[in-house]
Amino acid sequence: MAVGRKIRVLIVDDSPLQREILARGLNADPEIEVVARAGDAYEARDQILAHRPDVMTCDIQMPKMNGIDFIRQLIPQYALPVIVVSAVSEKVFDAMEAGAVDFVSKPVGNTAESRADFLEELRRKIKIAANAKIEAGMPKAAAAKGFEAPATNDRRLIVIGASTGGTDAIFSVLKGLPKGLPGIMVVQHIPPVFSRMFAERLNSQLEFDVKEEEDGDYLAPNRVLLAPGGMHLRLRKVGARYRADVADGEKVNGHCPSVDVLFHSVAKFAGDKAIGIILTGMGGDGGKGLLAMRQAGARTLGQDEKSSVVYGMPKIAYQLGAVERQASLAGMPAAILQMLKEDRKV
């Protein structure tokens, strides 16, 4: 998108009132211009051809064709960044798998404060989406062949941090890994409630035991612990075992949970027993923490630019010298297993 030009937005929602609310809220930002509105997928397709928007917001529940099917058909043809605007529902993850960049939940209460917070979040995510890389058929991670899960104990762990585009990236990486790996901790920038839904979804789709972290859970082979939305996740060492703790706290790098908070705790308590991975996302959260991990002897991986929806967090981590190796999303499982194999020889 040209520097200095307003971000052109298409609003797709079957409610005329909702379209008006979104248009007024978005047009209030000097960097955004709503160029068209549509009440269903077919009208939206015509508006895309007529106005060539930079970003589209899209509801899920719509007449004629739901938002998920529309996104699935849209991306291969137009590669248009989509922000899903929906009520709280697990269906947002179906939309993300279909190709949406991110989602924003509609405000539950009808207060001025909740509406203002909702619009502020939507404007922020539209600005990120305007610079996101959308490619039809972007390769997903495949099961790493030629490797078996190394023998594990609770003195080794894997930690993953991600933001924009991260829900799909995390699923792709975990899907490509075999059973029997060390304990895994994950921070994804995600709101409360949705983090629980995301954990339950991963648990139903993967061969790992995935759960939203509850304070005091211990790491164990084949277990994945996800940071709850609105809570920081940290590693602690209790005797010879590793424990995951969650707690309230101020936002770090604009986020709670923060990837840096987790990575710094891993550097302190796990040192060279950990592997740190930073995936797609906007901003710099996780870069300093990953550097601390590498300086403490941990192995570190960063997603490469070509396969990142937003090459922000991995880029800054790489520029800081925190990334030992870069890997594509499709190649990430093999890179993780290779590091585990190399560590076993040490």
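How many residues does region 307-324 hold that are in contact with a strand residue (DSSP E or B) (Cβ under 7 Å, 6 or more places away or on another chain) and either more than 15 Å from residue 102 (Cβ to Cβ) or not aliphatic (A, V, I, L, M) (or both)? So that I can check it myself, show each step before the final result.
If we filter region 307-324 for residues that are in contact with a strand residue (DSSP E or B) (Cβ under 7 Å, 6 or more places away or on another chain), which is where we start, we get 310, 312-314, 317-318, 322-324.
Among the residues that remain, those that are also either more than 15 Å from residue 102 (Cβ to Cβ) or not aliphatic (A, V, I, L, M) (or both) are: 312, 314, 317-318, 322-324.
Counting residues in region 307-324 that are in contact with a strand residue (DSSP E or B) (Cβ under 7 Å, 6 or more places away or on another chain) and either more than 15 Å from residue 102 (Cβ to Cβ) or not aliphatic (A, V, I, L, M) (or both) gives 7.
How many of the residues in region 287-311 are surrounded by 22 or more Cβ atoms within 10 Å (Cβ to Cβ) and of a type in the set (Gly, Ala, Ser)?
6
Show the residue pairs meeting these rules: Cβ distance below 8 Å; 6+ apart or different chains; first residue within region 107-130 and under 15 Å from residue 7 (Cβ atoms); second residue among the small types (Gly, Ala, Ser).
From residues that are under 15 Å from residue 7 (Cβ atoms), the pairs are 119/25; 119/28; 122/25; 123/25.
When the residues of region 100-110 are narrowed to those that are part of a loop (DSSP other than H, G, I, E, B) and at pLDDT 85 or above, which ends up farthest from the chain's Cα centre (by Cα)? Full working, then the answer.
Filtering region 100-110 for residues part of a loop (DSSP other than H, G, I, E, B) gives 100-101, 106-110.
So of that shortlist, the ones also at pLDDT 85 or above come out as 100-101, 106-107.
Working: 100: 11, 101: 9, 106: 19, 107: 21 Å.
Here the answer is 107.
Name the strands (runs of 3 or more DSSP E) wholly inside region 163-262 in which the number of residues that are open to solvent by 10 Å² or more (accessible area, probe 1.4 Å) and either small (Gly, Ala, Ser) or at pLDDT 95 or above (or both) is 3 or more. Steps first, answer last, please.
Working: elements: 183-188, 209-212, 223-226, 232-238, 241-247.
Once the strands (runs of 3 or more DSSP E) in region 163-262 are filtered for at least 3 residues that are open to solvent by 10 Å² or more (accessible area, probe 1.4 Å) and either small (Gly, Ala, Ser) or at pLDDT 95 or above (or both), what remains is 209-212, 241-247.
Condition check: within 22 Å of residue 338 (Cα to Cα) and either touching a residue at least 40 places away in the same chain (Cβ under 8 Å) or in contact with a Ser or Thr (Cβ under 6 Å, 6 or more places away or on another chain) (or both). Does residue 325 satisfy that? Steps first, please.
On the way: within 22 Å of residue 338 (Cα to Cα): yes; either touching a residue at least 40 places away in the same chain (Cβ under 8 Å) or in contact with a Ser or Thr (Cβ under 6 Å, 6 or more places away or on another chain) (or both): no.
Spelling it out, it is not the case that residue 325 is within 22 Å of residue 338 (Cα to Cα) and either touching a residue at least 40 places away in the same chain (Cβ under 8 Å) or in contact with a Ser or Thr (Cβ under 6 Å, 6 or more places away or on another chain) (or both).
Listed residues 309, 266; which is under 26 Å from residue 195 (Cβ atoms), of a type in the set (A, V, I, L, M, F, W, C) and part of a helix (DSSP H, G or I)?
Details: 309 fails: part of a helix (DSSP H, G or I).
Result: 266 is the single residue among 309, 266 that is under 26 Å from residue 195 (Cβ atoms), of a type in the set (A, V, I, L, M, F, W, C) and part of a helix (DSSP H, G or I).
Inspect region 252-272 for any residue being farther than 13 Å from residue 187 by Cα and under 16 Å from the mean Cα position of the chain (by Cα) and give the result as yes or no.
Scanning region 252-272, I find at least one residue that is farther than 13 Å from residue 187 by Cα and under 16 Å from the mean Cα position of the chain (by Cα), so the answer is yes.
Just one of (1) surrounded by fewer than 21 Cβ atoms within 10 Å (Cβ to Cβ); (2) modelled with pLDDT of 90 or more; (3) touching a strand residue (DSSP E or B) at 6+ places or on another chain (Cβ under 7 Å) trips up residue 124, so point out which.
Answer for residue 124: the failing condition is (3).
Would you be able to say whether some residue in region 131-147 is touching a helix residue (DSSP H, G or I) at 6+ places or on another chain (Cβ under 9 Å), among the hydrophobic types (A, V, I, L, M, F, W, C) and modelled with pLDDT of 95 or more?
No, region 131-147 contains no residue that is touching a helix residue (DSSP H, G or I) at 6+ places or on another chain (Cβ under 9 Å), among the hydrophobic types (A, V, I, L, M, F, W, C) and modelled with pLDDT of 95 or more.
Do we find that residue 96 is over 17 Å from residue 9 (Cα atoms), in contact (Cβ under 8 Å) with a residue 40 or more places away in the chain and touching a helix residue (DSSP H, G or I) at 6+ places or on another chain (Cβ under 6 Å) in this structure? I'd like the intermediate steps shown before the answer.
Details: over 17 Å from residue 9 (Cα atoms): yes; in contact (Cβ under 8 Å) with a residue 40 or more places away in the chain: yes; touching a helix residue (DSSP H, G or I) at 6+ places or on another chain (Cβ under 6 Å): yes.
So residue 96 passes the test.
The values are calculated or read from the model by the stated rules, or taken from the named source; none is laboratory data. Owing to the predicted nature of the structure, the values given are computational and were not obtained by experimental measurement. Cβ: placed from backbone, ideal geometry, glycine included. Neighbour counts: every protein chain shown. For the accessible areas, the whole protein counts, side chains as well, though only heavy atoms, and no ligand, DNA or RNA atoms are used. Shrake-Rupley method; radii C 1.70, N 1.55, O 1.52, S 1.80 Å.
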